[in-house]
Amino acid sequence: MSAPAALETEFRSLRAAAGEPAWLSEARESSFAAFAAQGLPTSKTEGWRHTPAERLIKPDFRPAGKPAARGGFGGRALCPITFHRVVVHNGRVLPGGEGSNLSGLPAGVRVQGLAEVLRDEPEALKHSLTRGFDKSGLPFAALAAALARDGVVVRVARHARLDKPLSVLLVSDDAGDGLPQAAHLRVLLLLDEGAAAEVVVESVGGGRAPFWTNLLTQVSLGEGAALKHYRLQRESAAGRQTAATLVEAGRCARYESHAFDFGGALTRTDLRVRLAGDGADCALSGLALVRGDEIVDHHTVVEHAAVGGTTRQLYKAVLDEKSRFVFDGLVDVRPGAQKTDASVYNKNLLLSEDASVHTNPEFKILADDVSCKHGGAIGQMSPESLFYLRSRGVGEAEARRMLVYAFGSEMIERVGLEPLREALTAALHARMPEAAEEAA
Amino acid sequence: MAKNTVLKIDDLHAKVGDKPILKGLSLEVKAGEVHAIMGPNGSGKSTMSYVLAGRDGYEVTGGSVSYLGKDLLAMAPEERAREGVFLAFQYPVEIPGVSNKYFLKAAYNACAKHRGEPELDAGPFLKFVKEKAKMVEMDPAFLNRSVNEGFSGGEKKRNEILQMAVLEPKLALLDETDSGLDIDALKIVSNGINKLRCPERAVVLVTHYQRLLDYIVPDFVHVLSGGRIVKSGGKELALQLEKEGYGWIDAEKAAA
């Protein structure tokens, strides 16, 4: 394998231009080598059989440029404007006053653009950026590590708390020339011992041309730290996203993830959580509403590397038209990880005969005193339920909407932030499947 | 003044899959009347209920059903409900994720809109539905739970009667509403139905057992057998069926 020429050229020009510290250059080089060794995934690549990355992601998408217009971000986001906010527009973090609003962060909490930190105090990130991660099966994460010029860095000091949620808004719009674009971004969420934060990363796509967001997120949770990590995916019809999130959870730390996929031609999410300390805990939830030709793919790996870890995992998908949903959830219980308590479930509602689901919840268990449960289900809308609702006067379209909502709402109810829950409820209603609309 | 005919079933034939179930069923029900349809298992009682409510999978092959002078069979299930037809299910369906309150409000407002009456917002509706819940002796906490999810058999049937009280139908079809109820639940459910008896409303009780008719006294009793009504009479017919079973009906039929 080797890297496609366009990406090789981009990497070389980045390397030539940047006056970066040697350790960062080395990290970029080794990441690019790891990408080149794997190449772009094809339909024959393990883990990518059902997800046609090669058809939708082209190496010659050129680096994201200046969008034709700026502003109006509040109206485009689901996140309320009362949250702290960082806006990343076409791959660049916007300063305060141009969309970002970080005034009034509490003591012990720092939120900055990656480019800014690399310019002002790169040494502060040396540990995070040089710490290697297992890049096997993660070619795009390796590419992001090699190419990302900007992103968001959140640091929460020992026992500090973010007083209200942080909204990280990733906005993509067409450039003036309307050509396909790509943005490689890195997000670092670093919580020291006993720290707590809620972070909502929301992708909003506005353009008509393909826009590929390639996101690498690294989460580090110290002892007893707690992060609620929300991912709201609302790409445009031509939006593509590859996102890898790597989580390292210390003793008694808690990582909670909520992924909502409400749009985009292709969304591939890799979530790898390592419960490194005893008693660490993760809860991974997802809801995808997929329609048209869209493809949503969630690959999760939770490694139980210590005693008494807990995993609660449930992903749901509603599929209409010719859409596709892929779920691959592995829980890997390492030797010695006794008292592991883990469950992995995936439930799917198919509204169309042309839609397809590939589901694979799985365990690899190398300890003997564990409780592990998993299951996958694919079903259609119950004709009994539909008739019951209609027999009470509820119209067919409305009845279908109620049943789709009922299926999905369980995941929205898990969202602790009330304003966000309300916005998600409205978004769920607004993105009701076409099949329900047609029946009206 | 002559009573209004609410339901007129004329020589109705229907099949499920390839199997003919109803074979010439005729029945006329007027406003204010309570009719009991009794019959052995497999006689077509539930099929009749489902055909009248418009469930998929039941194909009408002959005859007609007129409801307040309109062709009932031409209407979609929701239209029938909005026009005032209500079926209390033998097996009410559980719908996780839809609250009882939301469901009742959606149903009520769909029917109100159809009649050109004002729809109710959440506040006034809640007040209205709580009154109705009291009538069927239902704890208002059930309004916040998912429709029928985890309800006991008695609670499900009570929930059916609550829906009926909210929708105030002109024709109520109660399909084996007594099945699976203990005596206390049976009394509460019967009590609720009796409170809903009125001169404008017609009620058709479908039941296997006479027991329900101790609590809801019918004006007419019909015996359904082999897909049609084979005998009609007053409430004393139910007592005779209770004493002698369905065997003598079949014998009479064979002799005829």
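Each reported figure results from applying straightforward, stated rules to the coordinates on display, with no laboratory input. Just so it is clear, the structure is predicted and the values come from calculations on it, not from any experiment. Because the Cβ atoms are built from the backbone with ideal geometry, glycine has one as well, and the counts that use them run over all protein chains shown.
Odds and ends about this structure:
- Restricting segment A:289-347 to trypsin sites (Lys or Arg not before Pro) in coil, as DSSP defines it, with at most 16 other Cβ within 10 Å: A:322, A:339
- Inter-label distance, nm, simple model (7 Å from Cα along the C-beta direction), residue B:130/residue A:321: 4.5 nm
- Gyration tensor over alpha-carbon atoms, the protein assembly as shown, equivalent ellipsoid semi-axes in Å: 62, 24, 24
- At q = 0.12, 0.27 Å⁻¹, base-10 log of I(q)/I(0) for segment A:381-440 (Debye sum, equal scatterers on each alpha carbon): -0.32, -1.06
- Couplings 3J(HN,Hα) of segment A:403-414, computed from phi: 6, 5, 4, 4, 5, x, 5, 3, 6, 6, 5, 6 Hz, in residue order, whole Hz [Karplus 6.51 cos²θ - 1.76 cosθ + 1.60, θ = phi - 60°; x for Gly and Pro].
- When only Cα pairs below 8 angstrom with a gap of at least 6 residues are kept, segment B:50-145 shows a relative contact order of 23 percent.
- Amide hydrogen neighbours beyond the local backbone of residue A:258, cut-off 5 Å, H modeled: A:229, A:230, A:231, A:285
- From its DSSP helices (H runs of at least four residues, each -39,500 (n - 2.57)), chain A gives a residue-normalised ellipticity at 222 nm of -6500 deg cm²/dmol.
- Percent of Cα pairs exceeding the 27 Å cut-off, where the set is segment A:64-272: 24 percent
- Spin-label model distance (nm) - residue A:16 vs residue A:193, 7 Å beyond Cα toward Cβ: 4.9 nm
- Per residue of chain B, the DSSP helices (runs of n ≥ 4 H) give a summed -39500 (n - 2.57) that works out to -11000 deg cm²/dmol at 222 nm.
- Per DSSP, loop trypsin sites (Lys or Arg not before Pro) in segment A:185-284 with at most 16 further Cβ within 10 Å: A:208
- In this structure, the amide hydrogen of residue A:215, modeled 1.01 Å from its nitrogen in the peptide plane, lies closer than 5 angstrom to those of A:185, A:242, A:243, A:244, counting only residues at least 5 positions away or on a different chain.
- Calculated on the Cα set of chain B, radius of gyration then Dmax: 18.2, 62 Å.
- Inter-site label distance for residue A:367 and residue B:248 at 7 Å from Cα along Cβ, in nm: 7.4 nm
- DSSP bridge pairs, chain A: antiparallel proportion in percent, nearest 5: 5 percent
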